[in-house]
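For reference, the structure discussed in these notes is given below.
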Amino acid sequence: MTYTTKHEYTDEQMIRRVTDVLEIRNIMAKHAYYHSKGMHVQELAEIWVQKPENQATASFGQNWGYNVGMKRIDAYYGQGSVENNKRDLEALAAADPSIEVKPENYGMGSMVIHALTAPYVEVAVDGQTAQGLWYSPGAVGGVHPDGTASGMLMYEKYGVDFIKEDGEWKIWHLFVGTDFAVPAGQDLTGDTVLEQERKIAAGEMEARPAPVIDDPDFIAMEAYTNKYNYSFYPPLPEAYYTFADCTSNGPEGNPNYKKEVK
């Protein structure tokens, strides 16, 4: 349900709402910069929800499902990314002893760019939550122990729910839907996501199952399709009064949530 009746705001309320939108955009800009530097632990501590009741329902979703609860999000996106960066650095150091394995070198040789464009933010009439939608052209890459390097271009949608904690906006539910990811120097043919979709539709190959993650706080589902510009999730935010009236960017708001797979 959306809030369709035009709400009359006082001048003070309108100023607050404009300020809310600017603060939310800055939060997402900070997310983009922290993500590019692999500063995920700091990001979770600064701009994600901190109250226990909100951390319990926080989520980080992607095409294949949702990580639910801050413990699971940290294991995947926070400390999990630190451990991945450490393993990558150890592999580089094994090939080149001049490379030191230490925290300040984590992420060495990698590139992560997920720019955020076309921001669309809707603040609830009650001022306690907000929803945002962004489109993200991105590029990632890195060097390998054998001296080679690789890169990939991608386009994604970000659907985000925010909640106010003690007057400050925090990320509550974040969903990233990837339309496609293409290796640098390769066109949209070959073994790309789009070509895999074509092969599956033509019966030339079987669909790959979602990653198997042995954790009760991970909800596996086809949360987003890889067919470019086909998925209508996450939806464009609409005016709403309170969070109970809108479609969540958490797992329960996904049209495939608890949908029986035939």
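The values are calculated or read from the model by the stated rules, or taken from the named source; none is laboratory data. Values in this document were obtained by computation on a predicted structure and should not be read as measured data. Quick reminder, even Gly has a Cβ in these numbers, built from the backbone with ideal geometry, and neighbours come from all protein chains shown. Note: accessible area is taken over every heavy atom of the protein model, side chains too, but ligands, DNA and RNA are not part of it. Shrake-Rupley method; radii C 1.70, N 1.55, O 1.52, S 1.80 Å.
Overview of values
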{"read-out": "Positions within segment 222-254 being of a type in the set (Val, Ile, Thr) and modelled with pLDDT of 90 or more, in sequence order", "value": "Thr242, Thr247"}
{"read-out": "Number of positions in segment 92-108 that are open to solvent by 40 Å² or more (accessible area, probe 1.4 Å) and within 19 Å of Asp146 (Cβ to Cβ)", "value": "7"}
{"read-out": "Residue ID - surrounded by the most Cβ atoms within 10 Å (Cβ to Cβ), chosen from residues in segment 127-147 that are touching a residue at least 60 places away in the same chain (Cβ under 8 Å) and not in a loop (DSSP other than H, G, I, E, B)", "value": "Gln131"}
{"read-out": "Residue ranges of helices (runs of 4 or more DSSP H) in segment 1-105 with at least 2 members in contact with a Gly (Cβ under 8 Å, 6 or more places away or on another chain)", "value": "11-36, 40-46, 79-95"}
{"read-out": "Total residues in segment 54-83, condition open to solvent by less than 70 Å² (accessible area, probe 1.4 Å), more than 23 Å from Thr129 (Cβ to Cβ) and polar (S, T, N, Q)", "value": "2"}
{"read-out": "Leading residue by the ranking (most open to solvent (accessible area, probe 1.4 Å)) among those in segment 109-126 that are under 25 Å from Asp166 (Cα atoms) and not in a loop (DSSP other than H, G, I, E, B)", "value": "Tyr120"}
{"read-out": "Filter result (farther than 30 Å from Thr225 by Cβ and in contact (Cβ under 8 Å) with a residue 60 or more places away in the chain) within segment 58-116", "value": "Tyr106, Gly107"}
{"read-out": "Among the candidates Glu156, Glu165, residue that is open to solvent by less than 20 Å² (accessible area, probe 1.4 Å) and either modelled with pLDDT under 95 or under 15 Å from the mean Cα position of the chain (by Cα) (or both)", "value": "Glu156"}
{"read-out": "Check on Arg25, more than 20 Å from Asp215 (Cα to Cα) and surrounded by 13 or more Cβ atoms within 10 Å (Cβ to Cβ)", "value": "yes"}
